[in-house]
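What follows is one structure encoded as structure tokens, with my remarks underneath.
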Amino acid sequence: MTNSDTPAVRITDLGKTYPGAKVPALEGVSLSVEPGEIVVLLGLSGSGKSTLLRHMNGLETPTEGAVVSLGEPVAGLIGRHLRALRGRIGFIFQQFELVGALTVLENVLTGGLSSLRGPRVGIVTYPRALREKALGHLDRVGLLEFAYQRADQLSGGQQQRVAIARALMQDPEILLADEPVASLDPESSGQVMALIREIAAERSLTVICSLHQVDLALSWGDRIVGLRAGRVVLDTRTDDLSREEVMEIYGRVATTTSEIAALEDELAEAREQVRSQEAQRAASARDRLAEDFANEEPA
Ligand SMILES: Nc1ncnc2c1ncn2[C@@H]1O[C@H](COP(=O)(O)OP(=O)(O)O)[C@@H](O)[C@H]1O
Ligand SMILES: [Mg+2]
């Protein structure tokens, strides 16, 4: 159980080395997030953002140290206790992870599955109250009119909003978001990030969101935790931060305006590369999922 004195997440000296890896993915990470905080995990690809987020709801097991989420020591939980904790923590992903061949409404309904017994096939097999709740969340994210369309007919930004509606089905206390806008164009990115903040405020959610875009992190988060090579190299309120400080996350310190400008160009290029690779990967992942679904025998 939690009360207002319990941190939403408390991580102490967390270390993680994946089996067979030569270097740790996380090392000596300590971090406490208070209820209602809006925190950005900022770092380049490979810095450990996803690994850290995945420890918070027990998707990874620490090699060293401890993770306590909503007052529960995560590594000690198994079975229904772990499921119960995960029910209190929503997770949204870069690739949305929707089932493309299902309707938008069914995708949202799957977020409420943990409250039901057994698998469901088809909208009418869900209790009416759950269907109404799902439609309410779709309305909130501005997609009610798309409820009966196939999810893969929606744009990336719309799909991520569906994923947010799906996460809301479990009435989460914490929302973890792993690069939620990395596959989106700038306009949809802005809309999705704004929506996350609005919903967080409405529901007093704690949000921990990984990003690799410095500007977005600075403008969106209340607090930035910078990761580099699995270590926390920065942890401060965004108000207190300058762009130069943030650049240190990227391994170098720029001292003159022209150096900062050069780094910015470099970063923009790197981001563009990452974005196009990620968009390609997203597209092929979606195709695979749709194919799997098409090949699956009807139940
Ligand atoms: N399942 C895994 N098995 C082995 N190594 C992994 C796995 N997931 C991530 N890593 C490694 O751990 C490091 C941190 O990765 P990750 O947490 O995905 O970083 P980020 O999300 O910041 O890109 C990287 O070196 C990555 O290659
Ligand atoms: Mg990642």
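The values are calculated or read from the model by the stated rules, or taken from the named source; none is laboratory data. What you see is a predicted model, and the numbers here were worked out from it, not measured in a lab. When we count neighbours, we look across all protein chains shown, and the Cβ atoms used for this are built from the backbone with ideal geometry, even at glycine. In case anyone asks, the SASA skips ligands and DNA or RNA and just uses the protein heavy atoms, side chains included. Shrake-Rupley method; radii C 1.70, N 1.55, O 1.52, S 1.80 Å.
Screening GLY20 against (1) under 22 Å from ARG228 (Cβ atoms); (2) within 16 Å of ligand 1 (Cβ to nearest atom); (3) of a type outside the set (Asp, Glu) leaves a single unmet condition, (1). Out of the residues in region 140-170 meeting the condition of being over 24 Å from ARG275 (Cα atoms), in contact (Cβ under 8 Å) with a residue 24 or more places away in the chain and of a type in the set (D, E, K, R), tell me which one is most open to solvent (accessible area, probe 1.4 Å). Top of the filtered list is ARG150. Could you check, for region 149-164, whether at least one of its residues is touching an Asp or Glu at 6+ places or on another chain (Cβ under 9 Å) and under 19 Å from ILE89 (Cα atoms)? The answer is yes; a qualifying residue exists. Number of residues in region 196-219 that are away from ligand 1 (no atom under 16 Å from the Cβ) and crowded, with 22+ Cβ neighbours inside 10 Å: the value is 4.
Contact map, region 5-25: first residue under 21 Å from ILE174 (Cβ atoms) and charged (D, E, K, R), second residue in a loop (DSSP other than H, G, I, E, B) and within 16 Å of ligand 2 (Cβ to nearest atom), Cβ cut-off under 6 Å, separation 6 or more or different chains; pairs are LYS16/ALA25. Looking across region 198-249, not a single residue is hydroxyl-bearing (Ser, Thr, Tyr), within 16 Å of ligand 2 (Cβ to nearest atom) and either modelled with pLDDT under 95 or touching a Phe, Trp or Tyr at 6+ places or on another chain (Cβ under 9 Å) (or both).
Within region 1-23, the set of residues being buried (at least 17 other Cβ atoms within 10 Å of the Cβ) and under 24 Å from ALA182 (Cβ atoms) comprises ALA8, VAL9, ILE11, LEU14, LYS16. Is there any pair with a first residue in region 171-182 that is of a type in the set (Lys, Arg) and a second that is modelled with pLDDT under 95 and within 16 Å of ligand 1 (Cβ to nearest atom) whose Cβ atoms are under 8 Å apart and which are 6 or more apart or on different chains, and what are they? So the pair list comes out empty.
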